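Remarks on the structure that follows.
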Amino acid sequence: MSEWSDRLDRLGAKVAAFATLVDIPGKSSEIARIEARMAEGDFWEDPKRAQETVTGLKAIKLVYEPWAALDRGVKDTREMLALAEADRDQLTIDELAAETARLEKSYDQLELKLALSGKYDACDVYMTIKPGVGGTDASDWAEMMYRMYNAYLTRNGFSVEVVDMLPDEIAGLKNCTLLVRGTNAYGYLKSEMGTHRLVRMSPFNADGKRQTSFAAVEITPEIAEVGDVKIDEKDLKIDTYRASGAGGQFVNKTDSAIRITHVPTGVVVTCQIQRSQQQNRGTAMKMLAAKLQQLAESERLDELKDLKGERGTIGWGYQIRSYFLQPTQMVKDLRTRHENSQAFQVLDGDLQPFIDAYLRWRLGGSKDMKAANRDREDETP
């Protein structure tokens, strides 16, 4: 068996596994059922329901049609390659080798498209970065993460708006919340939700010793409809404070910033982006509703546990990714095992390989965190 035949066989196995994963037979039956219904004379009598049906059909076809084209392509290419190899037709073999590489790339794109088809993946997001264990080093690490994400997001066409930013007294950040807008913002950034560990020679340690510090990232989709979430004003603790940083003379001299605590759950949101306290309150309430909706959905509980740990810990045992700057450079994701020895490139925003690896890891259906938790205990390179 030639290299290209072997690659086609492996690709065919992946395509078949994908069909099982997304229930291609079920999707085919559903397409036939909907198209039969659309052909009936009374289909458009209820325009709203008809439009919902059409939208649902398009969503199914977004997965089914690329899979069907890929499946046909793999089978046709395999048959033609077998004939070309039997005839020793090198020119045709070279053409089919190029087609095999194209089909492999198509499969990668199809896989990522499915990984970005979640309920909230198309939503814009609120990204919150906050320091954990590590003192001043952790606050400085939070600011380094802000710069890393800002570089990644702007480089990839997302818009970034600072909703809240609170500097630490010595260095770094106590808290930072960003509103990120762009195509599949939540779909991509959900990979970053969790505790991130930094190991380096501390610039804040007089002895120059190696320091470990932690910071956490929380990703909340900006949800237009918050379902059944109801917020009782009696459950809220609302504080106002003076906005910090740039924003104009009026912002800096008035208590326009808002902090809202939902007492039953302990969820806290802050906003100081607007000059008006009322506008900041509106944004904060929108963030709070989205967070409570997120908490209410069981599919998010594992990720929220990874973010805060059993007791709200942002420290040892809960990290999802480690960044080593000394003694060697290495960034290692403890869920997907993806790693990069160019740590400073990652800190400059080279995050897409980690995000893509996470999306494929989730697509594989891996919800068992035990192996990753074992690695968290000791993964020094």
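Derivation of every value follows stated rules applied to the coordinates shown; laboratory data play no part. Please read all numbers here as calculations on a predicted model, not as lab measurements. Glycine gets a Cβ as well: all are built from the backbone with ideal geometry, and neighbour counts include every protein chain shown.
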* Asked: For segment 144-236, what is the relative contact order in percent, using Cα pairs closer than 8 Å and at least 6 residues apart in sequence?
  -> 18
* Asked: How much length is gained if the chain between Gln278 and Asp239 is pulled fully straight, taking 0.36 nm per residue apart and subtracting their Cα-Cα distance, in nm to one decimal?
  -> 12.8 nm
* Could you give the size of the charge dipole of segment 3-115 about its Cα centre, using +1 on the Cβ of each K and R and -1 on the Cβ of each D and E, expressed in debye and rounded to the nearest 20? => 420
* **Burial order of peptide ranges 61-67, 190-196, 204-210 (average beta-carbon count within 10 Å, highest first)** => 190-196, 61-67, 204-210
* Asked: How high is the relative contact order of segment 3-115, in percent, counting Cα pairs under 8 Å that sit 6 or more residues apart?
  -> 37
* Structure fact -> Sorted on mean Cβ neighbours within 10 Å (highest first), peptides 180-186, 341-347 come out as 180-186, 341-347
* Asked: To the nearest 0.05, what FRET efficiency results for Arg72 and Lys230 with a Förster distance of 45 Å applied to their C-beta separation?
  -> 0.35
* Structure fact -> FRET efficiency (Arg181, Asp108; Cβ distance; R0 25 Å; to 0.05) is 0.45
* **For Glu222, residues with placed amide H under 5 Å, excluding near neighbours** => Asp124, Val125, Tyr126
* Structure fact -> Extension length gain for Gln342 and Ser117 (0.36 nm per residue less Cα distance), in nm, is 77.9 nm
